[in-house]
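The values are calculated or read from the model by the stated rules, or taken from the named source; none is laboratory data. These figures come from a predicted structure and were not determined experimentally. Counting neighbours? That spans all protein chains shown, and the Cβs are built from the backbone with ideal geometry, glycine included. Quick note on the areas: whole protein, heavy atoms, side chains included, nothing else; ligands and nucleic acids left out. Shrake-Rupley method; radii C 1.70, N 1.55, O 1.52, S 1.80 Å.
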Amino acid sequence: MTRGESQDSQHDPSSASISSLVNRHVILTITGGIAAYKSCFLARGLVQAGCELQIVMTESAARFVTPLTFATLSGNPVLTDMFPNPPPEKPIHLSTANRGELLVIAPATANFIGKMANGIADDLASTIALTFRKQVLVAPAMNPQMWIAPAVQDNINRLRDRDVEIIGPVSGEMGGVGETPGLGRMAEPDAVFSRIEELLSGQEWKDRRVLVTSGPTREAIDPVRFISNRSSGRMGDTVARRARLRGADVTLIRGRGATGSPPDGVNVVEVETTCEMSEAVKSRFENCDLLIMAAAVADWTMAEPAKSKLKKRNGEPVFNLVKTEDILTWACDHRNGQVVVGFALETENHIEQARLKLEQKGADIIALNDPTRKDSAFGGDSIKLTILSGGDRIIELPALPKNEAADRLLDSIQPLFPTR
Ligand SMILES: Cc1cc2nc3c(=O)[nH]c(=O)nc-3n(C[C@H](O)[C@H](O)[C@H](O)COP(=O)(O)O)c2cc1C
C-alpha cells in the first residue's frame with residue numbers, strides 16, 4: 001500500500017477549505033424597515049466568517065437600529081453621511097463602492113428599491129448603490145400591501161433586468177404586532193448569508209450536476225416503528241453545500257431521519273426507505289456527473305412489515321430481515337462516465353474493509369470514517385476521513401471540521417472529472 005499525498009497534514013490555508021468569505025469586502029446597506037434588526041444577525045455572521053464588512057445606513061434605518069450597534073458588530077465605523085466633516089480625501093461614495101466586491105441591501109425598503117430603479121442618488125446609501133458596478137443582492141422587506149403595489153413590482157422588474165439579484169421576500173408574520181401575515185417578510189438572515197457565500201465563491205464546478213445522498217434511511221417494522229441508524233446526515237448535507245459553493249447544480253437525496261434543515265441552494269428530495277432512496281438515485285443517475293453516496297442506508301429491511309402495530313401481549317416478535325439493494329454497486333455497474341464516490345463506515349480493520357469495498361464495487365473513491373473515534377463520532381462537528389482511490393492511493397486527513405473535510409474530499413474528486 002502506498003501512502004500518497006498529505007498524511008496528517010496541517011490545514012493548508014491556500015486550500016479551498018477556507019471559507020469563501022475570509023477577507024472578502026462586502027458592503028451591507030441597511031434601509032429603514034422594521035427588518036433592520038434582522039441584519040444584526042446577518043452582519044454578525046458575515047464578520048464571524050471573516051468578511052471585511054462595511055455597513056452603510058440610511059437616515060431612516062438609523063431610526064430602527066442605531067449605527068452604534070452595527071459599528072460594534074462589524075468592527076468598522078458605519079457610513080451614513082454623504083458630506084462628512086472634515087471631508088475625506090476621496091469622495092466617500094467612490095472609495096466605498098470601489099472597495100466592495102458585493103453590495104447587499106438588506107432590508108431594502110420600497111423607497112430604496114424605487115430610488116435604485118430610477119437612478120436617484122440623494123443620500124450616501126443610494127449614491128453608493130448607483131456607483132457600484134459589481135454584483136448587487138437586494139433583500140426586499142415590506143408590508144404585503146406595499147410589495148404588491150404595481151410601482152414596487154415595476155421597480156423590482158427593472159432591477160432584475162439589470163442583473164440585480166433579488167432574494168425574497170418570503171411569506172409569514174410581519175414585524176408589527178397585529179399586521180396581517182403575507183408575502184413581504186425579508187428573507188431570513190441565514191438564507192441571505194448562504195447566497196452571499198455562493199456569490200463570492202469560485203464557480204469551478206459550474207455546469208456540473210452532482211447527486212448526493214445523506215442521512216439515515218428508515219425501514220418500517222410496523223406502522224409506528226422502524227429500523228434506522230445513528231447517522232445525522234450532516235456530512236452528506238455539508239458535502240452537498242460545499243459542492244454548491246463550487247457552482248455545481250446539486251440534488252440532495254436526504255433520508256427523513258436527518259437532523260436540522262437541509263442546506264440552502266440545493267434541490268432536496270426527501271426519502272424514507274432504502275428502496276425509495278434507490279429509486280431516487282436511479283431516476284437521476286444518468287443525468288449527473290458525480291454521485292456521492294454519503295447516506296447511511298439500511299442494509300436490511302423487514303421481509304414483511306406488520307400492517308398494524310405489533311402488540312406486547314402477543315409475545316416477542318421474530319423479525320425476518322432481507323437484504324436491501326446495494327445502491328453503490330448498482331451505480332458502479334450502470335455508470336456512463338459518472339464519477340462515483342461511496343462512504344464506508346467501519347469499526348474494525350478500517351482500511352482493509354474500505355479497500356475491499358472500493359475494489360469489489362468499482363467505485364472511484366471510498367471515503368472512510370471511523371465513528372468510534374471521539375473526533376469523528378456521529379453527529380459531531382468534526383470528522384476524520386481517509387480517502388481511498390484506485391492504484392492503492394490513500395489520503396489520511398486529520399480530524400477536521402466537516403466543511404473542511406468535505407472540501408478536501410471534493411478536491412480529491414476534481415481530477416477524476418473527464419476533461420471538457
Ligand atoms: C414603523 C415603521 C416601519 C416601516 N417598515 C417599513 C418596511 O418594512 N418596508 C418599507 O419599505 N418601508 C417601511 N417603512 C417606511 C420607510 O421607513 C420609509 O419609506 C422611509 O422613507 C424609507 O427610507 P429609506 O429607504 O431611505 O431607508 C416603515 C416606517 C415605519 C414608521
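Rundown of residues vs (1) at pLDDT below 90; (2) within 16 Å of the ligand (Cβ to nearest atom); (3) under 22 Å from residue 129 (Cβ atoms); (4) open to solvent by 40 Å² or more (accessible area, probe 1.4 Å), yes/no style:
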position	(1), (2), (3), (4)
2	yes, no, no, yes
7	yes, no, no, yes
12	yes, no, no, yes
21	no, no, yes, no
26	no, no, yes, no
30	no, yes, yes, no
37	no, yes, yes, yes
41	no, no, no, yes
46	no, no, yes, no
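Within the stretch 307-324, the residues that satisfy the criterion of being at pLDDT 95 or above and surrounded by 13 or more Cβ atoms within 10 Å (Cβ to Cβ) are 321, 324.
Only one of the numbered conditions (1) touching a helix residue (DSSP H, G or I) at 6+ places or on another chain (Cβ under 8 Å); (2) more than 11 Å from residue 293 (Cβ to Cβ); (3) at pLDDT below 95 is violated by residue 364, and that is (3). Scanning the stretch 109-118 for residues that are more than 8 Å from the ligand (Cβ to nearest atom) and open to solvent by 40 Å² or more (accessible area, probe 1.4 Å) yields one hit, 118.
Out of 170, 192, 224, 177, which single residue is farther than 16 Å from residue 243 by Cβ, hydrophobic (A, V, I, L, M, F, W, C) and outside the structural domain of residue 107 (by TED's automatic domain parsing)?
Going through 170, 192, 224, 177 in turn, the sole match is 224.
For the stretch 80-106, a residue qualifies if it is open to solvent by less than 30 Å² (accessible area, probe 1.4 Å) and either at positive phi or away from the ligand (no atom under 14 Å from the Cβ) (or both), and the qualifying residues are 92, 96, 97, 100, 102, 103, 104. I'd like the full set of residues that are surrounded by 16 or more Cβ atoms within 10 Å (Cβ to Cβ) and either within 15 Å of the ligand (Cβ to nearest atom) or not in a strand (DSSP E or B) (or both), limited to the stretch 135-147. 135, 138, 139, 140, 141, 142, 143, 144, 146, 147, listed by residue number.
So which residues in the stretch 148-166 are touching a residue at least 40 places away in the same chain (Cβ under 8 Å) and away from the ligand (no atom under 15 Å from the Cβ)? Once the filter is applied, which keeps residues that are touching a residue at least 40 places away in the same chain (Cβ under 8 Å) and away from the ligand (no atom under 15 Å from the Cβ), the stretch 148-166 yields 158, 164. Looking at this structure, is residue 124 in the same structural domain as residue 184 (by TED's automatic domain parsing), at pLDDT 95 or above and within 12 Å of the ligand (Cβ to nearest atom)? So residue 124 fits the description; yes.
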